[in-house]
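**Student:** Dropping a structure here in structure tokens format, bear with me for questions.
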Amino acid sequence: MRIRQTENGDLPALMALYAQARAFMRAKGNPNQWPDGYPPQSLLEADIAQGHSYVLEDETGQLVGIFALIGGEDPTYGQIHGLGWRSQSPYVTLHRLAANGKARGVARAAFDLITKIGRASCRERV
């Protein structure tokens, strides 16, 4: 499996992959996490432009997974109900991980890259 940064030309395949992921989540009892149209193409375009988006390809070059890796403070976690963020250390956040359901190891490959990039990214901020 190969991981590379996402390109604008990948957008049609990404939109199809996310539609498939939403259908899978609904079928498995998770109808609310990603409503219809999420993530919008404009968000994916912003992820690509900012260098946050990565795709995973199988040995034939078919896109089998996608995720966004965002370094630095994430406003999504600015307020955690009843808890608060437990550390002031730098961190990276994984968002919008989806796989086509046919390739095995998509999440593992993503987390391996996150570990590698995240540690380097965090060291740069300290």
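**Student:** When the residues of segment 100-116 are filtered to those that are open to solvent by 50 Å² or more (accessible area, probe 1.4 Å) and more than 12 Å from the chain's Cα centre (by Cα), which remaining residue is modelled with the highest pLDDT?
**Tutor:** Among residues in segment 100-116 that are open to solvent by 50 Å² or more (accessible area, probe 1.4 Å) and more than 12 Å from the chain's Cα centre (by Cα), the one modelled with the highest pLDDT is ARG108.
**Student:** Determine the pairs where a residue that is assigned to a helix (DSSP H, G or I), located within segment 96-113, has a partner that is β-branched (Val, Ile, Thr) with Cβ atoms under 8 Å apart, the partner being 6 or more residues away or on another chain.
**Tutor:** VAL106/VAL64; ALA109/ILE3; ALA110/ILE3; LEU113/ILE3
**Student:** Among the strands (runs of 3 or more DSSP E) lying completely within segment 1-89, list those that include at least 1 residues that are surrounded by fewer than 10 Cβ atoms within 10 Å (Cβ to Cβ).
**Tutor:** So the answer is none; nothing clears 1.
**Student:** Can you find even one residue in segment 79-94 that is under 16 Å from the mean Cα position of the chain (by Cα) and within 15 Å of LEU14 (Cβ to Cβ)?
**Tutor:** Checked against the condition, which is being under 16 Å from the mean Cα position of the chain (by Cα) and within 15 Å of LEU14 (Cβ to Cβ), segment 79-94 yields no hits at all.
The values are calculated or read from the model by the stated rules, or taken from the named source; none is laboratory data. Just so you know, these numbers come straight off a predicted model, no measurement behind them. All Cβ positions, even for glycine, are placed from backbone atoms using ideal geometry, and neighbour counts span all protein chains on display. Accessible surface areas use protein heavy atoms only, side chains included; no ligands, DNA or RNA. Shrake-Rupley method; radii C 1.70, N 1.55, O 1.52, S 1.80 Å.
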